[in-house]
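J.: Can you read through this structure? Questions will come right after.
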Amino acid sequence: MRKPKVFITRELFPEVIKKLEEYYEVEVWDRYQEPSYEILLEKAKTVDALVTLVSDNIDCNLLKQAKNLRIIAQYAVGYNNIDIDCATKLGIYVTNTPGVLTEATAELAWTLLMATARRIVLADHFVRFGEWWRLKTAWHPHMLLGIELKGKTLGIIGFGRIGRRVAEFGKAFGMRVIYYDVYRNEKAEEELGVEYKPLEELLRESDFVSIHVPLTKETYHMIGEKELKMMKPTAIIINTARGPVIDTQALVKALKEGWIAGAGLDVFEQEPLPENHELTAFKNVVLAPHIGSATYEARRGMAELVAENLIAFAKGEIPPTLVNKEVVNVRKPGFEK
Ligand code: NAP
C-alpha cells in the first residue's frame with residue numbers, strides 16, 4: 001500500500017522527519033521564506049496531510065481544492081490561519097500543539113514586561129552605541145529610571161495555559177494579579193491567589209496588562225481606543241498572543257499621546273512588521289519578531305507533537321491534540337477510503 005503524502009511547509013528537526021517517514025512520504029519546504037499561497041494550494045491539491053505554520057493561509061478555497069487532504073497538523077497552539085469550520089465540514093482533521101510552548105511563551109511575555117519596565121533595550125543601546133561614554137557621566141540619580149513590579153497590579157487577559165503561567169510569575173514577583181476571561185476559574189483563583197475582574201475594571205486597575213487570548217472574531221481589536229483610554233497613563237501593555245487583538249493605529253495614538261506608558265510586543269497585525277513602521281520610533285516600546293515559542297525545548301516539543309498527531313491519525317486513531325473534535329462525526333480518522 002502506498003504511504004500517504006505529507007507536505008511540511010518549513011524545516012523540522014531531522015529526527016522528527018525520520019519518525020514521520022515510517023508512516024508518510026514526506027516533502028519538506030526547506031527554504032527560509034514561506035511558500036506563497038499559490039504554492040501551498042498546488043501542494044495541498046496533491047497531498048493527504050499538511051504540516052502548517054501560523055503564517056500559512058489555509059482558507060476554505062484551498063481546503064475545497066485539496067481533494068485528498070485528511071489532516072492538517074498545525075505547528076503552533078493558535079490556529080487562526082486555518083478556516084476550522086470549513087475543514088470540519090469537509091472532514092479534515094486539524095491538530096495543534098498546546099502545552100509544550102506554554103513555558104516559552106509565558107517566559108517571553110515576562111521578558112518583554114521586564115524589558116519594557118526597566119528600559120533594557122534602550123539601556124543596551126546607550127552603552128553599545130557610546131551615548132554613555134559621550135555623556136562622561138558614570139552614574140546619575142535619574143539615568144534610565146524604570147518601574148518596579150512588587151506591589152503593582154498585573155492584569156491578565158485570557159486566563160488559559162499561558163495566561164495562568166504569567167500569573168504565577170506575577171505572584172512570585174509580589175504583584176497583585178487580576179484576570180479577565182470568558183469564564184471564571186474559581187479553582188485557579190484559589191490556587192494562585194488571583195481575582196477575576198470584568199475587562200473594563202481590569203484595564204482601569206492594572207499597572208501591567210498582558211494579553212493571552214486566541215485570535216477569534218470576538219477578540220479581533222479587543223483592545224482599541226476605548227480600552228487604551230481606560231488604562232492608567234503609567235501602564236504598560238504586553239502582547240504575545242496575536243497582533244490583531246490590539247488595534248495598531250489606536251496603540252500608536254495611545255503611545256504618541258501618552259494614554260499609556262509603554263508596550264512590549266511580540267506579535268503584529270502585519271508580519272513581518274514593515275520597515276520604519278511607526279511602532280519602531282517609540283523608545284518606550286520593546287519589539288520582538290513573533291518569537292514566543294522560540295526556545296529549543298518548545299520547538300522540539302511542538303515538532304514531536306506534530307509527529308504524534310500525524311502518526312496517530314495514520315494508525316486510524318484520534319490524534320491527541322485534535323482541535324475540531326466534531327470532525328469525527330463527519331469522517332473516521334485514518335487514510336482508509
Ligand atoms: P488557551 O489555554 O486556550 O488560553 C486562552 C484563554 O483565552 C482561554 O482561557 C480562553 O477561554 C480565553 N478566551 C478565548 N476567547 C476569549 C475572549 N473573547 N475573551 C476572554 N478570554 C477569551 O491558549 P494558550 O495556550 O494559553 O495560548 C493563548 C494564545 O497565545 C494562542 O491562541 C496563541 O494565539 C498565542 N500564542 C502566541 C505565541 C507567540 O509565539 N507569540 C506562542 C504561543 C501562543 P476558553 O478556553 O473558554 O475559550
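The values are calculated or read from the model by the stated rules, or taken from the named source; none is laboratory data. Just so you know, these numbers come straight off a predicted model, no measurement behind them. We place every Cβ from the backbone using ideal geometry, glycine too, and count neighbours over all the protein chains shown. Only protein heavy atoms, including side chains, enter the accessible area calculation; ligands, DNA and RNA are left aside. Shrake-Rupley method; radii C 1.70, N 1.55, O 1.52, S 1.80 Å.
J.: Ignoring ligands, DNA and RNA, what accessible area per residue does the chain give at 1.4 Å, in Å²?
T.: I get 52 Å² per residue for this part.
J.: A further question follows. Looking at the stretch 166-196, which trypsin sites (Lys or Arg not before Pro) are in a loop (DSSP not H, G, I, E or B) and have at most 14 other Cβ atoms within 10 Å?
T.: Of the trypsin sites (Lys or Arg not before Pro), the ones in loops of the stretch 166-196 whose Cβ has at most 14 other Cβ atoms within 10 Å are 184.
J.: Sticking with this structure for a sec: Which of the peptides 56-66, 297-307 is most tightly packed, and how do the rest follow, judged by the mean count of other Cβ atoms within 10 Å per residue?
T.: Taking the mean over residues of other Cβ atoms within 10 Å, the ranking is 297-307, 56-66.
J.: To one decimal place, what Kirkwood hydrodynamic radius in Å is obtained for the chain from all pairs of distinct Cα atoms?
T.: 21.6 Å is the Kirkwood radius here.
J.: Percent of Cα-Cα pairs per 10 Å bin, from 0 to the last occupied bin, for the stretch 30-163, please list those.
T.: 10, 27, 19, 18, 15, 8, 3
J.: Roughly what angle does helix 37-46 make with the longest principal axis of the chain, taking Cα atoms, 0 to 90 degrees, to the nearest 10?
T.: Value to nearest ten degrees: 30.
J.: While we're looking at this one, here's another question. Nearest 10 degrees is fine. How inclined is helix 102-117 to the longest principal axis of the chain, computing both from alpha carbons?
T.: 20
J.: Of all DSSP beta bridges located in the stretch 200-277, what percent are antiparallel, nearest 5?
T.: 0
J.: When DSSP beta bridges are limited to those with both residues in the chain, what percentage is antiparallel, rounded to the nearest 5?
T.: Approximately 5 percent, going by the DSSP bridge assignments.
J.: Sticking with this one: Between the stretch 231-245 and the stretch 151-204, what's the alpha-carbon centroid distance in Å?
T.: 15
J.: While we're on this one: Taking the Cβ of residue 198 as the center, what net charge do the other residues with Cβ under 13 Å away carry, scoring Lys and Arg +1 and Asp and Glu -1?
T.: Within the 13 Å Cβ shell, the charges total -3.
J.: Also, quick follow-up: Could you name the aspartates and glutamates in cross-link range of residue 256, using Cα to Cα under 12 Å and dropping any fewer than eight places away on the same chain?
T.: 278
J.: As a test of the formula, what do you get for the chain when each DSSP H run with n ≥ 4 contributes -39,500 (n - 2.57) and the sum is divided by the residue count, at 222 nm and rounded to the nearest 500 deg cm²/dmol?
T.: -10000 deg cm²/dmol
J.: For residue 67, which lysines qualify as cross-link partners when the Cα separation must be under 18 Å and same-chain residues fewer than eight apart are set aside?
T.: The qualifying lysines are 3, 5, 43, 45, 89, 332, 337.
J.: Now a separate question. Whose amide H sits under 5 Å from the amide H of residue 76, counting only residues 5 or more places off or on another chain, with H placed in the peptide plane?
T.: Excluding prolines and chain starts, which carry no amide H, the hits are 97.
J.: Amide H of residue 179: which non-local residues (sequence gap of 5 or more, or other chain) have their own amide H closer than 5 Å, using H built in the peptide plane?
T.: Excluding prolines and chain starts, which carry no amide H, the hits are 156, 195, 196, 197.
J.: Moving to a separate point now. Amide H to amide H under 5 Å from residue 25: which residues, 5+ apart in sequence or cross-chain, H placed 1.01 Å off N in plane?
T.: Amide H neighbours of residue 25, under 5 Å, 5+ apart: 5, 6.
J.: OK, next. How far, in degrees from 0 to 90, does helix 161-172 lean away from the longest principal axis of the Cα atoms of the chain, to the nearest 10?
T.: Value to nearest ten degrees: 30.
J.: Apply the Karplus parameterisation 6.51 cos²θ - 1.76 cosθ + 1.60, with θ equal to phi minus 60°, to every residue of the stretch 22-27 and state each ³J(HN,Hα) to the nearest whole Hz, in sequence, with x for glycine and proline.
T.: 5, 10, 10, 8, 9, 10
J.: So, one more: Per residue of the stretch 216-225, what does 6.51 cos²θ - 1.76 cosθ + 1.60 with θ = phi - 60° give for ³J(HN,Hα)? Whole Hz please, x for Gly and Pro, Karplus curve as stated.
T.: Those phi angles translate into 9, 4, 6, 9, 4, 6, 4, 10, x, 3 Hz.
J.: Roughly how many percent of the accessible protein surface of the stretch 153-192 is carbon and sulfur, given a 1.4 Å probe and a whole-percent answer?
T.: Exposed carbon and sulfur together represent 47 percent of the surface.
J.: Now a separate question. Roll a 1.4 angstrom probe over the protein heavy atoms and tell me the percent of accessible area of the stretch 1-106 that is carbon or sulfur.
T.: Accessible surface attributable to carbon and sulfur in the stretch 1-106 totals 52 percent.
J.: Follow-up question, since we're still on this one. What lysines could a cross-link reach from residue 171, if we take a straight Cα to Cα line under 19 Å and drop same-chain neighbours fewer than 8 places away?
T.: Residue 171 reaches 150, 152, 187, 197.
J.: Output the relative contact order of the stretch 196-337, whole-number percent, from Cα pairs under 8 angstrom with separation of 6+ residues.
T.: 17
J.: Continuing with this model, one more query. Once you sort the root eigenvalues of the Cα gyration tensor of the stretch 245-337 as a ≥ b ≥ c, which label holds: rounded (a/c under 1.5), prolate (a/b larger than b/c) or oblate (the other case)?
T.: Here the stretch 245-337 falls in the prolate category.
J.: Which chymotrypsin sites (Phe, Trp or Tyr not before Pro) in the stretch 281-334 pass both tests, a DSSP loop state and at most 16 other beta-carbon atoms within 10 Å?
T.: Those satisfying the criteria are 282.
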